[in-house]
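Take a look at the structure below.
The values are calculated or read from the model by the stated rules, or taken from the named source; none is laboratory data. Because the structure is a prediction, the values reported are computed rather than measured. Note that each Cβ is placed from the backbone with ideal geometry, even for glycine, and that neighbours are counted across all protein chains shown. Just so you know, the surface numbers come from the protein's heavy atoms only, side chains and all, with ligands and any DNA or RNA stripped out. Shrake-Rupley method; radii C 1.70, N 1.55, O 1.52, S 1.80 Å.
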Amino acid sequence: MIQLDRTGTVEAFQSLLTHCSSLPEIKGLLVLVADGNGFTPKQINPILRGLEVPVFGGIFCHLIHGEEILSQGTLVVGLHEVPHIEVIQPLSSPSPDFDKQLEQAFLAKVRPGQTMFTVVDGFSRNIADLIESLFIIFGLEINYLGGGAGSKSLTSSPCVLTNEGLLQDAAVLALLDLVSGTGVSHGLQEVCGPFKITESYRNQIISIDWVPALEFYSNLIQQDCGKELTRDNLATLGAGYIFGLARLGAEMIARDPLNVTEDGHLLCAGDVPPGSFIHLLKADASSMINAASCARTQADNAFGDGAEDALVTVWDCISRKAFLQEDFGQELASIQKGGQTAIGALTIGEIANSGQDYLEFYNNTVVVGVTERK
Amino acid sequence: MSFSLLELEVYFQIAMAIGNEAGLAPMLRQSLSTYLRKLDCAIGSVWQLDAGSSENLRLHPIFSIPRASGDHSPYDDVMAQIRGRLKKEGVATFQTSLPWVTTRGSLTVYVMELPGFGFLLLGKYGPGLNQRILRSLSPLNQKLGQACRSCLQTNLMQQTNTRLEAEIDQRHVAEQELKATKEQLEIRVKERTAALNRANEGLQQEIQERRKAESALRESSETFRSIFENAGAGLNTISPSGKILKVNPAFCRMTGYSREELEGSTVEMITHPDSREHSTRLYQEAREGIRRDFSYEKKFLRKDGAVIWAQVTNAWVHDEAGELSHAVSLVQDVTERKQAEAALRRHETRLNYLAYHDTLTHLPNRTLFYDRLTHAMSTARRSGQPVALFFLDLDRFKNINDSLGHHIGDELLVKMADRLRGCVRDSDTLARIGGDEFVIILEQLHGYKDVTKVARQILRSLQEPLEVSDRELYMTVSIGISMFPTDADDVEGLMKAADVAMYRAKDQGRNTFQAYTPDMDGEIQELLTLEGDLRRAIDQDQLVLYYQPQLNLEQDRVVAMEALLRWEHPERGLIPPAQFIPLAEEYGLIVPIGNWVLEAACRQNMTWQKEGHPFKRVAVNISARQFRQADFVEVIERALSRTGMPPEYLELEITESVIMQDVEAAILTLTDLKARGIRLAVDDFGTGYSSLSYLKRFPIDALKIDRTFVRDITTDTNDAAIVRSIIALGKSMNLQVIAEGIETKDQLTFLLKQGCTHGQGFLFSHPVPPESLPDKLQRNLSIASVEPA
């Protein structure tokens, strides 16, 4: 059951959640909230804490409903299976040990063929460590779907939605006994590379081939298009140039340079380890839109028979919308099939395993999940 | 063999990741996860080969990704193949740079040797790894095998060192313990020998003394007999079996039996059943030599059935052979003392109860509550389980006390305590800490849901009315909740947090619960400041009246002025009534403010009358609290007489919800006012729930249509229908209908078309101070000439 409120008011949010949770067949709720609603913990924590059913989700830059992008509103998916929920907070502790918490929370419950929805505060550190722990503990026995929640103003705020309330610097993991298929793609094209990351700290690239990161990045862009990159046009010109971490036999993992520190370090969504090699990738509208369609096909194929009756969720990077602008509608249209209304959110980083390949925290990528409804 | 750049990159990165940790598990975690990420593999596992002989080969799993498939079953058949091949070809011959490749469904499994250690298995779905990459992995696997061996050696050395150190420690401890035990034994033997010697000496001495005493007693038997017969206290001699041998007259008086009746009977006969078991046991112990002389209190049963308490002291006498002969028993009546003690205990219990309980509801009082909360918090500190504190305040309890009297209020508190008791567990603490304030301590919570469940249960339980003196009263509560240790770590902090949250619950419209959040502190501070300011505002003339004209829409003229209260705050500027009226109601300031408004409006109207303005009436809004005051009619009369305003110039506006709270009492008050010539209007009509049958009984002159209906009459068909009905209702009951909040000409046109006779709103004028009232409004007003304000 999918319910949509377009007003984005606290009253509508309360009424929607109360209604959905009161239905006897509903055992849990996935809730996606648009950042434009301006919800604060003070407003919605009493509502979340009062719910009798498990709830998980987040506040995202925008919501996706079919081919529409909503800057205000609330999407609620009523689940017919009880989700096993674990909240991890804080994420950004200096020496996290996620293995132990994940084993205690899920080891007795996990079975092959289940799906884990994963929503993280997109501005937390250690997201890569959490994803690595998930892979090391559970591998690809289960499918993962989700992404980074957070405000489009690119500032950290409470954005992870749980029965405890709205949380900051947290992740919510919901394991469901539901079969799913996933598709992951970005369609970015390689321009040049590889280059070595000579200095970095988590998601900050300090130098590439021993040249200050911003200068190196700027030179590469200038060689490709002749335009000069500055701090001011990073959001527009930079949106078209993304770094890629190579893998054998699979699409590169995109790392989006989102911002520049005062020292000229490039801030990416997602970690870039020192010693790794990066490539420069370039965005191209038609190949990106085509990639979205491929992601849907991958997900359908992985799911197998009955995909037309399944729940389709889309976790699409906010950077893709920034680059595609008015063409972004075509990307969403390419994911739609038949009478199904895909729902989802524009995220700050995406989480999925691409079919039966490695689980990753992606950037500038579209993730499509096809999940059985039961 | 030439590599692509990408392959070199992958090769290099795997090489960099191997062997960065000293421990085997962390090293393999990092290395294996890099293998998988860079080669796009789904599973990976490292196995150690224990090659004792080719007949006895053993392979142990060391580290696998994922760890959740802990039984390693995906690898079992692959491992069986390896064992087979090793047995066949011999361990020494197993040297190849190429891995074995096998498949399990759509998974391709690569088995690679880690020289000198064991094997690495990688599983990949989809397209396989090419030969070039597979060959290039051989030196990497060599490095990984070497890293595994190094880690094992380091582990082994560490384990050996640790074990040796532990063994040395254990031996040292054992030696120390042995030495200490030996020393302790020696000391105990010495102590025991000394004690036996001492006991022996004591025993000898006691035997001698006892013999002397017994001899002396026999010698003085005559003296004893004389004392025995004449003593004031009861004396008797008793055989070891409990038979009464001799009694003195005092004992006979004490028990009510004669000497004949007592001598030859048993102690049991005169012993009260309550004391029989104790008494029998003492005689038994005396016979067995466990206890000799003893003194104790017991109850006797007199011949007349009365019970007496006595202090009995028995001294046993032995015969020459050393056998127990008889006991001499001294019996003193202590009944009065025992009665006094019992009375004192009852009194103490009562005092204790009063000190810790509320006498009205019999709930724990503030003192006991603080004690329990302190105890709950210290228990929680140890157990780690949270404690929830509920602060409950009855909504509008003051109104009950004011309108129905304190005895009803008290009875209501008792009923409320009973209702709340039913909502909590026996292990929880419910206390009344003053007035209409209750608190609850919830312990042994399993989560926040337990807390909200209780809060909801309380609110739900109050949906049923409370029966108080043949009335049914509906009460609601506002609940503030704070949690230990999240919100505060001391009693005062926790109480303050719950109190602050309770005020927020009140603020949210009452009949709800609210958990504390730290940002509430600032808001409550703000409210408290505003409350202080409001108290000063009355004394410092910061409250002022603005006036808005009411027009006869048919005759195009101003017929009255409605007085509207404003607060001109010296720092905050004009504060709207919606912000301070609820505060004034909450803190009991609404009645003095209302009385002031009444008199000030009457005085202003008289000024206007003297200036010769054509309108006559002034309309004043009356609050619920004012209307329910016992002296409300006298207050109105006083205002009229002080200002000299004729009663027909005054219109009182009372909301329908105020009237409907107690319909019969309201009709009496309204009739009284009407009889004095005062005009009455029902304010905000349509927003409440007045029934037509009641409306007919109200002696009123006008209905005022609420502004919320007027606002959308031109766009909302429902609102238009409601307004039409109110106007028709007014006409049928011969009541004047006044529309509030007219802002546009379209609204005016609609109202005129429906036959609405009177109205007010921004279209004609905003509420303004009397000195700013435009001349044209003061003298005359034509609808056609109004400029939208």
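Against the criterion of being at pLDDT 90 or above and within 22 Å of A:Arg49 (Cβ to Cβ), B:Ala505 does not qualify. Of all residues in segment B:123-155, those that are within 14 Å of B:Gln48 (Cβ to Cβ) and either within 11 Å of chain A (Cβ to nearest Cβ) or in contact with a Cys (Cβ under 9 Å, 6 or more places away or on another chain) (or both) total 0. Which residue pairs have Cβ atoms closer than 8 Å, lie 6 or more positions apart in sequence or on different chains, and pair a first residue in segment B:425-443 that is among the aromatic types (Phe, Trp, Tyr) with a second residue that is assigned to a loop (DSSP other than H, G, I, E, B)? Short answer, once both residue conditions are applied: B:Phe438/B:Leu363. Consider segment B:575-601 and keep the residues that are among the aromatic types (Phe, Trp, Tyr) and surrounded by fewer than 19 Cβ atoms within 10 Å (Cβ to Cβ). The one that is nearest to B:Asp507 (Cα to Cα) is B:Tyr587. The condition of being aliphatic (A, V, I, L, M), surrounded by fewer than 23 Cβ atoms within 10 Å (Cβ to Cβ) and more than 14 Å from the chain's Cα centre (by Cα) holds for only one of A:Leu161, A:Leu154, that being A:Leu154. Within segment B:560-618, the set of residues being farther than 30 Å from B:Gly532 by Cα and not in a helix (DSSP H, G or I) comprises B:Ala560, B:Met561, B:Gly612, B:His613, B:Pro614, B:Phe615, B:Lys616, B:Arg617, B:Val618. Listed by position, the helices (runs of 4 or more DSSP H) enclosed by segment B:702-774 that each have at least 3 residues that are open to solvent by 40 Å² or more (accessible area, probe 1.4 Å), in the same structural domain as B:Thr655 (by TED's automatic domain parsing) and under 27 Å from B:Leu650 (Cα atoms) are B:717-732. Evaluation of B:Leu652 against the conditions (1) surrounded by fewer than 20 Cβ atoms within 10 Å (Cβ to Cβ); (2) of a type outside the set (Lys, Arg); (3) part of a strand (DSSP E or B) shows that the sole unmet condition is (1).
State yes or no: is A:Arg125 part of a loop (DSSP other than H, G, I, E, B) and within 11 Å of another protein chain (Cβ to nearest Cβ)? No. Here B:Thr374, B:Thr335, B:Thr361, B:Thr367 are screened, and the one residue that is surrounded by 15 or more Cβ atoms within 10 Å (Cβ to Cβ), polar (S, T, N, Q) and within 29 Å of the chain's Cα centre (by Cα) is B:Thr361. As for segment B:112-127, it holds at least one residue that is surrounded by fewer than 14 Cβ atoms within 10 Å (Cβ to Cβ) and out of contact with any helix residue (DSSP H, G or I) (no Cβ under 7 Å at 6 or more places or on another chain).
Of the strands (runs of 3 or more DSSP E) lying entirely inside segment A:1-84, those containing at least 1 residues that are within 14 Å of another protein chain (Cβ to nearest Cβ) and surrounded by 17 or more Cβ atoms within 10 Å (Cβ to Cβ) are A:55-60. The sole residue among B:Thr367, B:Thr349, B:Thr313 that is outside the structural domain of B:Ser295 (by TED's automatic domain parsing) and touching a residue at least 12 places away in the same chain (Cβ under 8 Å) is B:Thr367.
Here is a yes/no grid of residues against (1) within 28 Å of B:Ser106 (Cβ to Cβ); (2) in contact with a helix residue (DSSP H, G or I) (Cβ under 9 Å, 6 or more places away or on another chain):
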| site | (1), (2) |
| --- | --- |
| A:Ala322 | no, yes |
| A:Glu326 | no, no |
| A:Gln330 | no, yes |
| A:Ala333 | no, yes |
| A:Leu346 | no, yes |
| A:Glu350 | yes, no |
| A:Asn353 | yes, yes |
| A:Glu360 | yes, yes |
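Taken over segment A:132-165, residues that are in contact with a Ser or Thr (Cβ under 8 Å, 6 or more places away or on another chain) and not in a loop (DSSP other than H, G, I, E, B) amount to 11. Contact map, segment A:208-230: residues that are within 13 Å of A:Leu266 (Cβ to Cβ) paired with residues that are among the hydroxyl-bearing types (Ser, Thr, Tyr), Cβ distance under 6 Å, separation 6+ or inter-chain. Pairs shown: A:Ala213/A:Ser207; A:Ile221/A:Tyr241; A:Leu229/A:Ser218.
Among the residues of segment B:560-571 satisfying the criterion of being in contact (Cβ under 8 Å) with a residue 12 or more places away in the chain and among the charged types (D, E, K, R), which is surrounded by the most Cβ atoms within 10 Å (Cβ to Cβ)? Filtering segment B:560-571 for residues that are in contact (Cβ under 8 Å) with a residue 12 or more places away in the chain and among the charged types (D, E, K, R), the one surrounded by the most Cβ atoms within 10 Å (Cβ to Cβ) comes out as B:Glu562.
Residues that are acidic (Asp, Glu) and at the interface with chain A (Cβ under 10 Å from one of its Cβ atoms) were ranked within segment B:1-35; the one that is surrounded by the most Cβ atoms within 10 Å (Cβ to Cβ) is B:Glu9.
Give me a count of the residues in segment A:124-152 that are under 18 Å from A:Thr365 (Cβ atoms) and aromatic (Phe, Trp, Tyr). Of the residues in segment A:124-152, 2 are under 18 Å from A:Thr365 (Cβ atoms) and aromatic (Phe, Trp, Tyr). Out of the residues in segment B:473-489 that are hydroxyl-bearing (Ser, Thr, Tyr) and more than 12 Å from chain A (Cβ to nearest Cβ), state the one that is farthest from B:Ile400 (Cα to Cα). Among residues in segment B:473-489 that are hydroxyl-bearing (Ser, Thr, Tyr) and more than 12 Å from chain A (Cβ to nearest Cβ), the one farthest from B:Ile400 (Cα to Cα) is B:Ser482.
Residue pairs whose Cβ atoms lie under 6 Å apart, separated by 6 or more positions or on different chains, with the first residue in segment A:269-291 and within 14 Å of chain B (Cβ to nearest Cβ) and the second open to solvent by less than 10 Å² (accessible area, probe 1.4 Å) and among the polar types (S, T, N, Q), are A:Gly270/A:Asn363. Which numbered condition trips up A:Leu167, out of (1) within 12 Å of another protein chain (Cβ to nearest Cβ); (2) over 14 Å from the mean Cα position of the chain (by Cα)? Among (1) within 12 Å of another protein chain (Cβ to nearest Cβ); (2) over 14 Å from the mean Cα position of the chain (by Cα), the lone unmet condition for A:Leu167 is (1).
Taking first residues from segment A:185-197 that are without any contact (Cβ under 8 Å) to a residue 24 or more places away in the chain and part of a strand (DSSP E or B) and partners that are of a type in the set (Ser, Thr, Tyr) and open to solvent by less than 10 Å² (accessible area, probe 1.4 Å), no Cβ contact under 6 Å between residues at least 6 apart in sequence or on separate chains turns up. Would segment A:333-340 turn up any residue that is more than 14 Å from chain B (Cβ to nearest Cβ), part of a helix (DSSP H, G or I) and free of Cβ contacts under 8 Å to residues at least 60 places away in the same chain? Yes; the residues of segment A:333-340 include at least one that is more than 14 Å from chain B (Cβ to nearest Cβ), part of a helix (DSSP H, G or I) and free of Cβ contacts under 8 Å to residues at least 60 places away in the same chain. The condition (being out of contact with any helix residue (DSSP H, G or I) (no Cβ under 9 Å at 6 or more places or on another chain), open to solvent by less than 60 Å² (accessible area, probe 1.4 Å), part of a strand (DSSP E or B) and within 25 Å of B:Glu209 (Cα to Cα)) is satisfied by just one residue among B:Ala315, B:Ala327: B:Ala315.
Just one residue in the set B:Ala630, B:Ala665 is hydrophobic (A, V, I, L, M, F, W, C), assigned to a loop (DSSP other than H, G, I, E, B) and at pLDDT below 90; that residue is B:Ala630. Screening segment B:412-451 for residues that are among the small types (Gly, Ala, Ser) and under 18 Å from B:Tyr356 (Cα atoms) and picking the one that is farthest from the chain's Cα centre (by Cα) gives B:Gly435.
Inspection of segment A:141-158 identifies no residue that is closer than 15 Å to A:Pro54 by Cβ and touching a Pro at 6+ places or on another chain (Cβ under 8 Å).
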